[in-house]
Structure formats: structure tokens, C-alpha cells
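Reviewing the structure listed below.
The values are calculated or read from the model by the stated rules, or taken from the named source; none is laboratory data. Fair warning: this is a prediction, and the values are worked out from it, not measured in the lab. All Cβ positions, even for glycine, are placed from backbone atoms using ideal geometry, and neighbour counts span all protein chains on display.
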Amino acid sequence: MRRRLSPYERVIWAAGERLPVNIAAVARVEGRTTPGRVRAAVAAVRRRHPLLGVRVADPGWWQGRLTTAGVPDPGVRVVRDAGAGAWSRVVEEELPRPFDTRSGPLARFVLVDAGEAFDLVTVYHHLVADAVSAGVVLRDLLTHLGGPDPAEAPPPGSGPVPVLAAPADELIPGPRARPGDLLRTARALGGPVRPPYPPDGRLAYRAWSLEREDTELLLKRCRAQGATLQGALCAAFARAAAPGRPARIAVAADLRRVLEPPPGEAMGLYAASFVVPVDGAADDLWAAAREARTGIHARLTPQELRPLVRVFRLTSFLPHRAVGALLRRGESRGPRFDVSVSNTRLDLPEAYGPLRLAAVHGAAHTSLSGAPLVIVVGLGGRLFLSVTSTAGEEAEALCRRAMDHLLSAE
């Protein structure tokens, strides 16, 4: 595979040269495996998803190319029985560690082996994967690990057909970028800058979950109140982050809903984000949740989502180093939101032969601003939540307050 970086990909590549842009997905699995089986599974899944083994070739001032030529399989690091919470410490180590984009690959894996169970930490440069992509790779890896010995997989060229799709820019229907796209993007991402969290603070990652009973009760209340889970989460975190004032909540959007043709299960960056105001001072959390739902749904229309990607075509005249410098300067000033809340929907079975997927968590580096990034994933009737931030105890306290608001609202 060899192709030019799209304008959107080029901006993320430029950002990654100056800022941490890594994402991760973690599978907590009941059952046994071995490092050899994991490495064989990674090699097999790479044949289906070529973006697991790419690098940026011919990096020039204005352009670069993604290629699979000369790229080894992603590495698998092994951590043996490091005690409770070892996997979350691995996430904290891996998120800030940059990828060498010139040599590749832009993905790596860590097996945290606890004998009767294991954790599989998957890490990606955002250039090649979003949350949905990470979920697809997790499912494919576990399918191989739970099946026959992956080492007995057919040789390259005789396995499944590679799953590839064009980048998001090329699948966005409609006209080329227009100056009006800048106005829409500024509205989606603009606003006052919040003072940055400690720039020298240590990146901290915390994860927790809701049991089935609590999850079922929460979803039942959302339906009864005419709210969505995303809206309720935004309202709860707005009340926790900005009591007494309007909060600015960043929301991730899956662009697959507007791309033509849809990329299906292809890996890639098919996500964007926008900011919605949510009333943190509202007396009625459910009223704020319904208002957040309305605001989010208004932004999920094709007319609103297309400019978030199309606008990057207007940066093509800037050298990629200048793009990276501008992004770093903006990040160092502070975030334009109080907290980011992503409700990620992944199609993940729980059973894989002798293996059982017990939990799945997401993670994303918070970059220079240190703003809390909250990711929510559903599995087996439970919710699995996590937060990444440099705010340390402040971020943990924020999440505790938000969950108290969410679970106590009648």
C-alpha cells in the first residue's frame, strides 16, 4: 500500500510531530494466552488491516505518503503479573511515548499476563485509528486468540482480503472546502480558553465501571426523561466541572454516518470533535441532559460534520512544520473546553472460544492542555469509564462528583 496523506491526515501527522496524539484501547480477558500467540495474532490481523503496519514515507514540507514498504509487524511488549492495576500503569506509560512515523509501525501492543487472565493494551497513532477502529482490531485479535493456533494461519497472500478505505476527506460528499467552512469550524471549536492544567503534571489514567444493575437503572431513567446517555453524561460532567456557570463539553463524533461510501470496518481516522455548551448551573439535571441531547444532535447532521474535515483542505498551502507549531501554540494556551466526554459504541462480543472479554476501556492522551478526557464504553450491559488528565486528584474528584450527580438524579 502506498498513497498520499489526505489534508486531514496531514494535520494529524503534523500535530504528532509536536504533540502527543496517541489513543489506546484495553481488553481485560479471562483465560490464558502466550506472547507467541499474541504476536501471531497481531501478524494475522495486520494482513486484514494494512494500516497496522505503515509509516510516513517521503516526508516533505507540504506532503508525506503512507506506505507499508519495509515496515515490520507491530511490537508486543510483555509485562508479567505486575499486580492489581498494572494495565492502567501501562496505559500511562504508553500514551506519552511517541511513534517514529518515518520507520513505523504506528501501532504497538502490550500483553499484561496474570496467568488465568490477561490484559491486552493496544496503542495507536491517531493518524491510523480512531475508537471504532481500535474496537474492530480488538475483536479481530481476540477472535484469533480464541481460535486455533494463530501460528497455523495461512501465509500472507492467502488470507482474508485486506480491508481498506479512502481517508475521510475523500469520502465527504459535497463541494470542496470553502471559506464558510472556517466559520462553522470556529463555531464548533472556538470559545474562551480555559487556563491550562499543570503543563508539567504527570499524565494520570483512572478507570472505573458501573455494574449491570446501576447501568440498567441509569438507561431506564434516560429513556423515561427523554434524554440520551451522552446527554446525561454531558449534563453530569458540566455540573461537576462548572457549577454555577455554563460549561463547554467536547464531544467526539463518528464521521462514518456521513461518508460515502461508508468505510465499514476499515482502520483509519474517521472521527472529529466539536464543543457544545451545557448548563452546569441547571437545577434539573435531566433538563440540562435534554438540552445537551438537542445541541449534540443538531451538530451531528451532514451539514455540520462535513466542514470539520473539509476545512483541513485549506491548510494545504502551509508547511507541515508550521501546522504543527500552530497547533502546539494553541494547545499551550489551554483547552477550549472544560472536559471531553466520548460515549463510544463498539460492537464487541464477550465470548471468543475459551476466552471471555470481561471489560474494555478506552484512553486518549490529553495533549499539552491537560484537560480531562473521559471515555465511556458499553459491554455486556455494563458501562466502563476512564479519564486521562494531568490534573491528578482534581480530575478524580471531578469524576466522582459527576458520577454522584448522574446516579442520584431522579
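Sub-8 Å Cβ pairs linking a first residue in segment 207-222 that is surrounded by fewer than 16 Cβ atoms within 10 Å (Cβ to Cβ) to a second residue that is at pLDDT 95 or above and among the polar types (S, T, N, Q), at least 6 apart or interchain, are Trp208/Ser386, ordered by first then second residue. Scanning segment 1-58 for residues that are among the β-branched types (Val, Ile, Thr), outside any helix (DSSP H, G or I) and under 30 Å from Ala117 (Cα atoms) yields a total of 6. Exactly one residue among Leu407, Leu305, Leu327 is under 17 Å from Asn22 (Cα atoms) and part of a helix (DSSP H, G or I), and that residue is Leu327.
Here is a yes/no grid of residues against (1) among the polar types (S, T, N, Q); (2) assigned by TED's automatic domain parsing to the domain that holds His297; (3) at pLDDT 95 or above:
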residue: Asp214; (1), (2), (3): no, yes, yes
residue: Lys220; (1), (2), (3): no, yes, yes
residue: Ala227; (1), (2), (3): no, yes, yes
residue: Gln230; (1), (2), (3): yes, yes, yes
residue: Leu233; (1), (2), (3): no, yes, yes
residue: Ala242; (1), (2), (3): no, yes, no
residue: Pro246; (1), (2), (3): no, yes, no
residue: Ala252; (1), (2), (3): no, yes, no
residue: Ala266; (1), (2), (3): no, yes, yes
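Among the residues of segment 102-125, those identified as part of a loop (DSSP other than H, G, I, E, B) and crowded, with 21+ Cβ neighbours inside 10 Å are Gly104, Pro105, Leu106. Here Ala397 qualifies as without any contact (Cβ under 8 Å) to a residue 12 or more places away in the chain, farther than 18 Å from Ser273 by Cβ and not assigned by TED's automatic domain parsing to the domain that holds Gly31. Residue count for segment 253-271, restricted to those that are surrounded by 21 or more Cβ atoms within 10 Å (Cβ to Cβ) and under 11 Å from the mean Cα position of the chain (by Cα): 3. Please list, ordered by first then second residue, the pairs with beta carbon atoms under 6 Å, 6 or more apart or interchain, first in segment 282-298 and not assigned by TED's automatic domain parsing to the domain that holds Ala241 and surrounded by fewer than 19 Cβ atoms within 10 Å (Cβ to Cβ), second among the charged types (D, E, K, R) and not in a helix (DSSP H, G or I). Pairs found: none.
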